[in-house]
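A short worksheet on the structure shown next.
The values are calculated or read from the model by the stated rules, or taken from the named source; none is laboratory data. Predicted model, so just to flag it, every value in this text is computed and none were measured. With ideal geometry, Cβ positions are generated from the backbone for all residues, glycine too; neighbour counts draw on all protein chains shown. Accessible surface is based on the protein model in full, side chains and every heavy atom, while ligands, DNA and RNA are left aside. Shrake-Rupley method; radii C 1.70, N 1.55, O 1.52, S 1.80 Å.
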2 protein chains.
Amino acid sequence: MLREQERLHSLVRRYQSPDEYPFFTDALQKPILQPLNYPKILYENDVNVNKKLKESYIQYVLPAACAKFDREERGDAQENYGSAAVCDVNCLQALSRRIHFGKFVAEAKFRKETERFVALIKAEDRKGIDEAITDSKVEKKVLERLRLKAKTYGTDPDNASQDPGKINVDAVVAMYKVFYP
Amino acid sequence: MLREQERLHSLVRRYQSPDEYPFFTDALQKPILQPLNYPKILYENDVNVNKKLKESYIQYVLPAACAKFDREERGDAQENYGSAAVCDVNCLQALSRRIHFGKFVAEAKFRKETERFVALIKAEDRKGIDEAITDSKVEKKVLERLRLKAKTYGTDPDNASQDPGKINVDAVVAMYKVFYP
């Protein structure tokens, strides 16, 4: 399903956009739209964490976000398998896009403090690079915003104060916050 | 794009669901999931208004919902053509689903007042049938709820009181309210 949707979206040049990363590179087709001139921002690289993302999504994210709602409260959700597959595809693509934004953040920070990063890279100081890239105040704000969005968009707006919400908001935040092994 | 996505979703039995109507019946494939036993609710029929829906969407809905945002304020939106196509497909499918729900409403009302409707049908009283099906109080409530949803989901939840919103809410309501010729 994911593979086939990527195949389809590649026709409208989705994976030519520098912030879109395919899970199935072998499925892509030649776009029917003319290529766009994106500014060349990132240093040449082949970082693509989608394989790991898909594994973590299946192993950790889905059980945390859905178990209580589907299996325990609503019984077998057999009739939702099709729609769930469609939603999973959209969800994985959104996560992938958001996670790969990190490349642009890293690039911007490298350009701002090139000397510092060159030294860290030469020393192969992975922990130091990680700390230099991470801005915990910004990160906290992003997660708070994510929580608000998950709550707002997962609640009946007609009855926001009463509605317990459709989704486990903590699990949504954890998708972005927790590094799964 | 729409045709190809329907082809893909037919694999997970989307168009076996009684509330899903394809735009391209010739594109559908045999599902890879086992068929579900949906209760047989509707009287045998071949009503499918998708052709007209697609025409109205292109001719009336899109210009009303998007013109001001894309063309006048943001200049040429060439680079959004691909993403716009993906959104249009989702939007058309959502509209189609919602509009065809009308069949279930009509069926429920027919069952509740069978004699009245049989008489109207025998008299070929189209206007009378229309009036008998329409509940203007319920319709008003549905449209109010739709307006609230369009506003809530089209606004930055972090800044809801200031944000002018991403979409023309009146145009969204009109999609469901106005009968386009």
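Miscellaneous remarks
- Given +1 at the Cβ of Lys and Arg, -1 at the Cβ of Asp and Glu and no other charges, the dipole of the stretch B:1-40 around its Cα centre is 140 debye to the nearest 20.
- Net length available on complete extension from B:Ile121 to B:Ser83 is 9.2 nm, with 0.36 nm assigned per residue and the Cα-Cα distance removed.
- Amide hydrogen neighbours beyond the local backbone of B:Val178, cut-off 5 Å, H modeled: none
- Taking every alpha-carbon pair under 8 Å whose residues sit at least 6 apart, the stretch B:1-40 reaches a relative contact order of 46 percent.
- Gaussian network model of chain B, Cα within-10 Å springs - most flexible of B:Leu146, B:Leu33, B:Leu95: B:Leu33
- Rg(Cα)/(2.2 N^0.38 Å) for the stretch B:1-40, N = residue count: 1.11
- When the residues A:Tyr81, B:Tyr15 are ordered by accessible surface, computed with a 1.4 Å probe over the protein chains alone, the sequence from largest down reads A:Tyr81, B:Tyr15.
- Estimated 222 nm signal from helices in chain B, with DSSP H stretches of n ≥ 4 weighted -39500 (n - 2.57), rounded to 500: -17000 deg cm²/dmol
- For the segment B:4-14, counting C-beta atoms of other chains within 10 Å of every residue's C-beta and taking the mean gives 4.
- Each part gets one Cα centre, and for the stretch B:1-30 versus the stretch A:110-141 those centres are 48 Å apart.
- Shielding by partners, peptide B:79-86 (average Cβ within 10 angstrom, other chains): 5
- Here B:Phe117 sits with roughly 10 square angstrom of accessible surface, probe radius 1.4 Å.
- Using θ = phi - 60° in the Karplus curve 6.51 cos²θ - 1.76 cosθ + 1.60, the 3J(HN,Hα) couplings for the stretch B:36-43 round to 9, 8, 6, x, 7, 9, 7, 5 Hz; x is entered for Gly and Pro.
- The protein assembly as shown, dipole about Cα centre (Lys/Arg Cβ +1, Asp/Glu Cβ -1), debye to the nearest 20: 120
- Highest to lowest packing among B:127-133, A:118-124, scored as the average C-beta count within 10 Å: B:127-133, A:118-124
- Histogrammed with a bin width of 5 Å, the alpha carbon distances of chain A distribute as 1, 6, 12, 16, 17, 16, 13, 10, 5, 3, 1, 0 percent, first bin at zero.
- Per-residue HN-Hα couplings for the stretch A:142-148 [Karplus 6.51, -1.76, 1.60; θ = phi - 60°; Hz; x = Gly/Pro]: 4, 5, 5, 5, 4, 4, 4
- Solvent accessible area, Å² - A:Cys87, 1.4 Å probe, full protein context: 80
- Note that the protein assembly as shown presents 68 Å² accessible area per residue, ligands and nucleic acids not counted, probe 1.4 Å.
- Extension gain, B:Leu42 to B:Lys112, is 23.8 nm, computed as 0.36 nm per intervening residue step minus the present C-alpha separation.
- Length-normalised contact order of chain A in % [C-alpha pairs under 8 Å, at least 6 apart]: 21
- Solvent-accessible area of B:Arg97 with every protein chain in place, 1.4 Å probe, in Å² to the nearest 10: 90
- Between the listed residues A:Leu95, B:Leu148, B:Gln29, the Cα displaced farthest toward the positive end of the dipole of the protein assembly as shown, a dipole computed from Cβ unit charges relative to the Cα centre, is found at B:Leu148.
- Interface size B-A, as summed buried accessible area [1.4 Å probe, Å², nearest 100]: 2200
- Gyration tensor verdict on the protein assembly as shown (Cα atoms; rounded if a/c is under 1.5, prolate if a/b is larger than b/c, oblate otherwise): prolate
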